[in-house]
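The values are calculated or read from the model by the stated rules, or taken from the named source; none is laboratory data. In this text, all values refer to a predicted model and were calculated from it rather than measured experimentally. Cβ atoms come from the backbone with ideal geometry, glycine included; neighbour counts cover every protein chain shown. Just the protein is used for accessible areas: all its heavy atoms, side chains included, with ligands, DNA and RNA removed. Shrake-Rupley method; radii C 1.70, N 1.55, O 1.52, S 1.80 Å.
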Amino acid sequence: DPSIIESADYVIMESTYGNRVHENAEVREETLINIILKTVLRGGTVVIPSFAVGRTQEIIYELNKYYDSHLDDFGTTTNLLESVPVYVDSPLAVKATQVFHHNAGVFDEEAKDLLRRGDNPLSFSNLHFTQNVEESKKLNFSDEPKIIISSSGMCEAGRIKHHLKHNLWKRNSSIVFVGYQAEGTLGRRIRDGAKKVKLFGEEIFVNAEVYNVEGFSGHADKNGLMSWLKGSCI
């Protein structure tokens, strides 16, 4: 009830990021790209635990925007990342991305403009969707620099746990968190600096570089929450 909010001396609101401000879109893209470049140049793998619906597609979209911004006069991408394969390794994420493709009519104007120019915002030449378990396993026995986007976002289940098992101990790899990590989850322990974690009954040392890019979070930050609250008072 807005009248209650207006008459209150203060309002207590439960939130995820009520005490911080997220990076803006430009900063988060630059941060992610710099992490990828740094990892690729030392021959490592970038592992991104990501929620299958929404967050994965957002990462794909941001990478596509980066490639588009680095086109030369002949329409060719002129940067190192064009040769680095990006794997989406999650059955649900693959199906969800297909749903996004089939519902382009409800995209925002920026995405629709890309489509009108013949650029699918959720596709680029070095993007691959794994189709089965065997293809997923092969990713962890390949020494090529690459990006793996896999669920679950908090590392509690799914294929991401296998990718962590094979990459956490590698000093040339990077783990990039792009979403909230709830207390008590494997993702939270890694993000908070655990030196080793147990995966499939084995203790795995955390030697990879660990990053947290909060700008991709779907939870509102302090400014977003205040804006919402002010709107509720009108």
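Before moving on, here are some points about what is shown:
- Volume per residue of the convex hull around the Cα atoms, evaluated for the range 97-173, comes out as 141 Å³.
- Both numbers refer to the Cα atoms of the range 27-71; Rg and Dmax are 11.2, 31 Å.
- Environment charge of residue 36, counting only residues whose C-beta is closer than 15 Å and scoring Lys/Arg +1, Asp/Glu -1: -1
- The range 49-150 has equivalent-ellipsoid semi-axes of 23, 19, 9 Å, by the square roots of 5 times the alpha carbon gyration tensor eigenvalues, sorted largest first.
- For the range 129-179, a/c is not less than 1.5, where a ≥ b ≥ c are the root eigenvalues of the C-alpha gyration tensor, and a/b does not top b/c. That puts it in the oblate class.
- In the structure shown, the pairs 95/196; 138/170; 112/146; 65/196; 65/198; 65/170 are assessed against 25 Å; a Cα-Cα span above that value is assigned to 95/196; 112/146; 65/196; 65/198; 65/170.
- Heavy-atom SASA rank of 68, 108, 89, 119 (probe 1.4 Å, accessible area, largest first): 108, 68, 119, 89
- Note on residue 103 and residue 41: the model spin-label points, each 7 Å out from Cα along the C-beta direction, lie 4.0 nm apart.
- All alpha carbon pair distances within the range 113-214 were sorted into 5 Å bins beginning at 0; the resulting P(r) in whole percents reads 2, 11, 21, 22, 18, 11, 7, 4, 2, 1, 0.
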